[in-house]
Structure formats: C-alpha cells, structure tokens
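Everything on this sheet refers to the single structure shown next.
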Amino acid sequence: MSETTGTNLSTRGLTKVFGGVRAVDGADVTFHDGKINALIGPNGSGKTTFFNCVTGMIKPDSGTVTFRGRQITGRSPHVIAHAGIGRSFQLCRIFPRMTVLDNVLVAVRRTRIRELLAPARTEEEVAKARELLVRVGIDHLEDSEARDLSYGQQKLLELAGVLMGDPDTIMLDEPAGGVNPSLIGRIGSLVKELNAEGTTFLIVEHNMDLVMSLSHHVVVFDRGRPIAEGTPDIVQSDPRVLEAYLGV
Ligand SMILES: Nc1ncnc2c1ncn2[C@@H]1O[C@H](COP(=O)(O)OP(=O)(O)OP(=O)(O)O)[C@@H](O)[C@H]1O
Ligand SMILES: [Mg+2]
C-alpha cells in the first residue's frame, strides 16, 4: 500500500465492447483508499460493466485494473475477492429458499476459495454470521426464508454476506435501488459506520441525495468513461454533468 499512497483502485484505458456498443471505453479512473467513492452516470453509461470488469465477472477487451498496487486485470472473481474486494449486485443475489442465516453462511464459501471444501460450518462462522445480521438489523429474521424479506431487507442480507468475507474494499451496485426510504437510511448509516472503521467503498447509485451525502469522491461516467470527478460540490456544479444527464 505504501507506494500507492492513497490509491485504492485504478484503471487505465479499461475497455469492454459488446457488439457495436463500447460499454466501457478507455476509462481511466482512480478511487481513493479509506474513502467512500461514488460512480454515477446516466442509464447505460457503463457503470455496471465497469464494476464487472473490475471484479472479474467479465474480462475487459483491453486496459488495466490495479488494486492497491497489484495488477488484477482479467483475474477470476475468487482471486479478486481474495485480494480484498467484496461486492454486491445491482439485482440482489441471494438464495430465495434458503434461510437468512444460511444465506450469510454460504456467502463466505463463495468468496473464500480455500474454504469451499471445508466439511461443515464452524461455530465461529455461525457466531460471525449472527453478529453481522445484528449489525445490518435483520437478526430477527434469521430463520425466515430469504424470499420472504422485503427487497431492502434482501439488500441488507446481501451486505451481511459480503461482510462475511472481511473485505477491505466493498463495491455496491445501486444499494438503494428499489429500497424503501427508511431502509435506504439504514444502508447509508451502515456504509458510513463501516467506512469510519476503515472500509473503502466504491458505490454505483442513482439516488443523488444518498450519493451526495455519503461520498467523499465522485466520478461521473458518460458513454463508458469519466467526464468529471471531484467532491460532491464540484461535481454537482459541473456543466458537463448536467449535460450528460439531461442530454443537452
Ligand atoms: N452483456 C451485455 N451484452 C450486450 N450489451 C451489454 C451487456 N451488458 C451491458 N451492455 C450494454 O452496455 C452499455 C452499458 O451498460 P451498463 O449496464 O454497464 O450501464 P449502467 O451504467 O450500469 O446502466 P444502469 O444505470 O441502467 O444500471 C449499455 O448500452 C448496455 O446495453
Ligand atoms: Mg447498472
């Protein structure tokens, strides 16, 4: 971490083309260590594709991804998770017919390769999963099937699963999307708390009130690459940002 002085994740010339669509188009992006970083931009501007390239869900066509000074370009999702990046998905990824507690417990096996073959859950794992359910505020639902939770509660469950892997960096794709306002508040507070404890966040989000109140650093995407970045204040007053959103 020493020689990277404050850089958590950076991409250079990152590119992903789908047919004729340059979803991510030569993106040079820098996110800062220890901060809440936001990636915003209009629908279809390439935010999710960018996240997928960074976390190894899809291989970029060209360009590089560096995480804390280490090249992770094109590595597999479990290698990247093992390097310390946890992520959530735009559409919640949980097992609907499994209980809430079991969903948190399986999450760790999906992110930690050496534990995939472990024979059974340990008492420590169960205790940790329960602790995390308390932390995200859905411990009273531990025995419910995940499908019986509200969408916002499912997002909190997914976050508990991400936390099982002890990531030092967490990427969230639209944590507030489709979530009712009271739970959006809880998600925001949790992000702030975890960040105060040292976790770096990279967040894609359309809810501007949430983005502007949470973020230290905002990167604005348009057509697959950044067009503006800086503090929320600076970004909000940048005419290029309005232009991108309003299509002027
Ligand atoms: N698997 C795919 N196959 C073909 N085209 C794709 C694929 N994934 C994304 N795209 C296209 O790439 C572009 C960027 O999509 P992406 O989902 O990354 O945008 P986004 O910024 O996350 O949008 P939103 O805010 O709506 O979630 C869009 O034109 C989209 O249609
Ligand atoms: Mg998206």
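The values are calculated or read from the model by the stated rules, or taken from the named source; none is laboratory data. Everything quoted here is computed from the prediction, not taken from an experiment. Ideal geometry is used to build each Cβ from the backbone, glycine not excepted, and the neighbour counts take in all protein chains shown. All accessible areas refer to the heavy atoms of the entire protein, side chains included, with ligands and DNA or RNA removed. Shrake-Rupley method; radii C 1.70, N 1.55, O 1.52, S 1.80 Å.
Couple of notes before you dig in:
- Acute angle (nearest 10 degrees) that the helix 151-164 long axis makes with the longest principal axis of the chain, alpha-carbon atoms: 80 degrees
- Loop-located GluC sites (Glu not before Pro) across the stretch 163-206 with a Cβ neighbour count of 12 or fewer within 10 Å are Glu197, with loop assigned by DSSP.
- Prolate/oblate/rounded label for the stretch 164-248 (Cα gyration tensor, a/c 1.5): prolate
- Remark: spin-label model distance Ala83-Glu124 equals 2.6 nm, labels positioned 7 Å along the Cα→Cβ axis.
- Trypsin sites (Lys or Arg not before Pro) restricted to the stretch 13-99 and DSSP loop, no more than 16 other C-beta within 10 Å: Lys35, Arg93, Arg97
- Rounded, prolate or oblate (a/c below 1.5 giving rounded, otherwise prolate when a/b exceeds b/c) for the stretch 32-85 by Cα gyration tensor: oblate
- Accessible surface, the stretch 10-158, averaged per residue in Å² (probe 1.4 Å): 47 Å²
- Dipole of the stretch 1-95, positive direction: furthest Cα of Val21, Ile94, Gly34, with charges on the beta-carbon: Ile94
- Across the stretch 71-194, the mean sequence separation of Cα contacts (distance under 8 Å, 6 or more residues apart), normalised by length, yields a relative contact order of 38 percent.
- A straight Cα-to-Cα reach below 27 Å connects Lys47 with the lysines Lys16, Lys35, Lys59, Lys155, Lys192, residues fewer than 8 places away in its own chain not being considered.
- Fully extended contour minus Cα-Cα distance, from Ser237 to Asp148, at 0.36 nm per residue: 27.8 nm
- Mean projected area of the Cα convex hull of the chain, taken over all directions, amounts to 13.8 nm².
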